[in-house]
Amino acid sequence: MIKVSGLTKDYGSRRAIHNVSFDAQQGEIVGFLGPNGAGKTTTMRILTGFMPPTDGEAIVAGYDVVEESLEVRKRVGYLPETVPLYNEMIVFDYLKFMGELRDLPNVEERVDEALDMVAMTDRAQGYIGALSKGMRQRIGLAQALLHHPEVLILDEPTIGLDPGQVVEVRELIRQIGKERTVLLSTHLLHEAQNICDRVLIINKGKIVAEDTTENLQARLVGAERVIVRVRGEADRELGLVIKEIKGVRGVELKDEGVVEFEFASGKDLRPEVAKQVIKSGYDLLELRPLGLSLEEIFLELTNSEPRRGN
């Protein structure tokens with residue numbers, strides 16, 4: 001688990017992060033999002049013992065990152081954005097070397113296991129310098145998993161991977177996240193939306209939001225936007241049928257048999273809408289919510305200018 005309280009880091013006169021506080025529990029995957037320079041990497045480096053904070057406290061796997069840094073490092077797997085690899089080494093030998101640095105028992109078995117987890121067994125005897133960027137990223141992930149860490153901290157874990165590899169790594173992170181604490185940063189917002197239980201959004205060194213994407217949508221929109229699709233083209237009569245339902249507002253006719261409307265958050269009118277649409281003789285094909293995407297939430301919280309239309 002991770003528990004951060006009032007974490008602050010200064011680089012001379014520049015404050016990189018200010019009073020950052022959050023937690024992440026065992027069995028939870030938390031996404032760490034923010035624009036470049038927001039403080040993501042600085043926070044991760046503090047949590048992994050790479051650098052000390054200027055102020056505040058961080059507890060990782062039950063140990064203080066400053067007072068018990070060595071104990072923290074034993075229990076954390078870290079994948080930095082730029083993976084430090086030795087190009088002249090063979091993949092297996094590199095991982096074995098990393099395992100020996102950690103004084104792991106049965107180190108060769110651990111290496112075989114890690115290579116299997118990242119689907120790199122067939123490259124075990126190849127030179128790191130001959131690998132593609134995506135394969136090098138997977139080797140970095142393998143070294144982070146070697147010692148079965150309680151906490152896994154990943155800085156842009158899928159950067160440089162092809163689409164097939166991205167799917168594989170996402171699934172691996174999901175499996176790891178069932179038993180361990182995972183904190184990952186990413187600029188791919190749909191990735192965080194797909195695999196994270198919760199997201200933290202940081203901007204200018206401060207946490208500006210912390211919640212599930214669903215809850216963030218409800219907090220920002222304040223209303224539920226819904227799409228209705230019927231067979232054939234939507235007509236004015238369908239719009240009137242929906243508009244007459246008490247609590248419905250903002251009805252809009254779209255092309256190809258689609259009507260959009262909204263209602264106040266916390267008051268689900270979809271069952272009533274479905275009943276009235278069918279009762280009016282329309283073949284109902286689709287009825288689903290249209291919440292804000294994580295990208296829209298991200299822009300709303302990190303942009304000083306309000307969204308158009310608000």
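Quick notes on this one:
- So VAL241, is it more than 30 Å from ARG14 (Cβ to Cβ), modelled with pLDDT of 85 or more and not assigned by TED's automatic domain parsing to the domain that holds ALA114: yes
- Check on GLY266, on the phi > 0 side of the Ramachandran plot and at pLDDT below 70: yes
- When restricted to residues that are in a helix (DSSP H, G or I) and either more than 21 Å from THR41 (Cα to Cα) or in contact with a Pro (Cβ under 7 Å, 6 or more places away or on another chain) (or both), the stretch 145-165 contains 3.
- Residue under evaluation ILE17, criteria (1) in contact with an Asp or Glu (Cβ under 8 Å, 6 or more places away or on another chain); (2) surrounded by 19 or more Cβ atoms within 10 Å (Cβ to Cβ); (3) assigned to a strand (DSSP E or B), criterion not met: (1)
- Identity of the residue in the stretch 44-96, polar (S, T, N, Q) and in contact with a strand residue (DSSP E or B) (Cβ under 6 Å, 6 or more places away or on another chain), that ends up modelled with the lowest pLDDT: THR48
- Answer from VAL199, VAL169 - the residue that is closer than 18 Å to THR41 by Cα and crowded, with 21+ Cβ neighbours inside 10 Å: VAL199
- Close contacts from the stretch 266-281, counting a first residue that is under 17 Å from ARG225 (Cβ atoms) and in the same structural domain as ASP235 (by TED's automatic domain parsing) and a second that is in a loop (DSSP other than H, G, I, E, B) and of a type in the set (A, V, I, L, M, F, W, C), with Cβ to Cβ under 8 Å and a gap of 6+ residues or different chains, come to LEU269/ILE245; LEU269/VAL248; GLU272/ILE245; VAL273/ILE245; VAL273/VAL248.
- Residue check for LYS246: surrounded by fewer than 16 Cβ atoms within 10 Å (Cβ to Cβ), at pLDDT 80 or above, assigned to a loop (DSSP other than H, G, I, E, B) and basic (Lys, Arg): yes
The values are calculated or read from the model by the stated rules, or taken from the named source; none is laboratory data. On a predicted model such as this, the values are computed, not experimentally measured, just so you know. Counting neighbours? That spans all protein chains shown, and the Cβs are built from the backbone with ideal geometry, glycine included.
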